[in-house]
Amino acid sequence: MNTRTLSGITILAAALGAVACSSTAAPTAPLDAPALADAVQLDAVVGHLQELERIATENDGNRALGTAGYDASVDYVAGKLRDAGFDVQTPEFDVTSFDVENASLTVDGAPVELRVLAMSPSTGPDGITARVVRAPADDTPGCEATDYDGLDVAGAVAVVDRGVCPFSVKQQVAAERGAAALLVVNNEPGPLAGGTLGEDGDTLIPAAGVSGDDGTALAGAGSVTLIAETTIEDIRSRNVIAQTATGDTGNVVVVGAHLDSVPDGPGINDNGSGVAAVLETALQLGSDPSVTNAVRFAFWGAEEIGLVGSTRYVESLSDEERNAVALYLNFDMLGSPNPGYLVYDGDDSDAVGAGPGPEGSTAIEQTFRTFFDSRGVAADGTDFDGRSDYGPFVEAGIPAGGVFSGADERKTPDQAGKWGGEADVPFDPDYHSPQDTLGNIDRDALAVTAASVGYGVGTFAQSLDGVPTGAARDQERSGN
Ligand SMILES: [Zn+2]
């Protein structure tokens, strides 16, 4: 084979496919990580992005959970993998989606900023206008029915401080005392972002949060009008899973990217770029490569509403199946227009945010740093902040890592100095917007970050140096 090893391999794999039935077929050359990295070509990756953009354009401009755009994305990825000889599964999972169509709060006629708690039932278009009852600020604010003793809560809007017990409990207690709605006052500066009533609790009355400052105004209010028009929908969605027919199934390398976009846009950088790079790596690797470890490609649904597809997947694994997963590689946003070259900080060497990943994550981080060094790029670390699909794997004690080109965080002057682009500007100014289109992709960055997927897969498909096997993890966990 010549330096065009790559195309040699692809051609060879294809040739193999053709002659697979004849037992005399020459064995496939062992996979070479740099060669697979080179095989993940920008043109092919952009080709997948063009298809995902066409899909979004033909389906109301997005590929979000529960939409025709998402289903068409599943069909596209699964179709490509099947054409390449993979046995493709599309396991289903149920998810409750929540959407706020319209929301506002007026206090004695003056508008106040609010954040509707996720899974809050709807007030309807007219909203709820009622007097305010303030639960006393005690050690467990609004967590017990007795907190409302002596207060006429029936039909009122209950106002309670954040803290100690979950929002769902505060909602339940107030509802049981007859409150028409609940407003939670944040105990931190700023709006109460990211609050939820949870998927398991009873959603009884509409609930929202206000900032600490606005809480004070609320306490003395005569009447408020809360409008929270929400929709709660049970949706059945799918992941796409495809594994090589070759390689050790007791030490599987799982490689994932989420396939859904937000409802607001086509999601070409977030996360068409990750999908395209992982898909192209799978197509270049082929369904039966000469590898030591089996490789499982995963395209997750419902990431944008809380990592649901990947979480359901990890939850669905038996102990044995979980132990058979040697590691997880995540690719979520690889083509940011003001690009960063970021590697998940497996050993927590940056000492910010979350701690190190499970044992083995350091070796994964090092592998991607080695790749970027080989391309003349000095990568930076990025925190395991739980904002992407490595979350459930890390939680399950599975070593994880991957590459990221940045989202709404701002590029630092140092980073601009070494990577180019603009300092103090978000890596992706069009993050989660209708403008996250093909035009939002930095192709020079994507050429390198997409190749890193090939390098990572190629490395760990051949060797798990520095990564404990699932069995070793299990022993560690059971203390033997
Ligand atoms: Zn994403």
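In table form, for the structure just shown:
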| item | result |
| --- | --- |
| From phi via Karplus (6.51, -1.76, 1.60), per-residue ³J(HN,Hα) for region 152-162 in Hz, x at Gly/Pro | 8, 8, 3, x, 8, 9, 7, 10, 9, 6, 6 |
| Calculated P(r) of region 98-231 - Cα pairs past 22 Å, % | 24 |
| For the chain, radius of gyration divided by Kirkwood radius, i.e. Rg to Rh on alpha-carbons | 1.04 |
| Ranked by how many other beta carbons lie within 10 Å on average, peptides 416-422, 332-338 from highest | 332-338, 416-422 |
| Descending principal axes extents, region 252-354, alpha-carbon based, whole Å | 38, 35, 26 |
| Cα-based helix-to-principal-axis angle, 68-83 vs the chain, degrees rounded to 10 | 20 |
| Residue-wise HN-Hα coupling along region 116-128, computed from phi with Karplus coefficients 6.51, -1.76, 1.60 (Hz; x: Gly, Pro) | 5, 6, 4, 6, 5, x, 7, 8, x, x, 7, x, 10 |
| Interchain or long-range residues, amide H under 5 Å from residue 159's placed H | 133, 134, 135, 183 |
| Relative contact order computed over the chain (Cα-Cα under 8 Å; 6+ residues apart), in percent | 19 |
| Dimensions (Å) - region 35-169, Cα atoms, principal axes, largest first | 72, 31, 27 |
| Ranked packing of 451-459, 242-250, 262-270, most packed first, by mean Cβ within 10 Å | 451-459, 262-270, 242-250 |
| At 1.002 mPa s and 20 °C, Stokes D of region 161-207 from Kirkwood alpha-carbon radius, µm² per second | 193 |
| Length-normalised contact order of region 98-231 in % [C-alpha pairs under 8 Å, at least 6 apart] | 41 |
| Cα shape, region 399-460, gyration tensor, a/c 1.5 rule | prolate |
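Computed from the coordinates by the stated procedures, all read-outs in this text should not be read as laboratory data. Since this is a predicted model, take the numbers as computed values, not measurements. Every residue, glycine among them, receives a Cβ derived from its backbone with ideal geometry; neighbour counts consider all protein chains shown.
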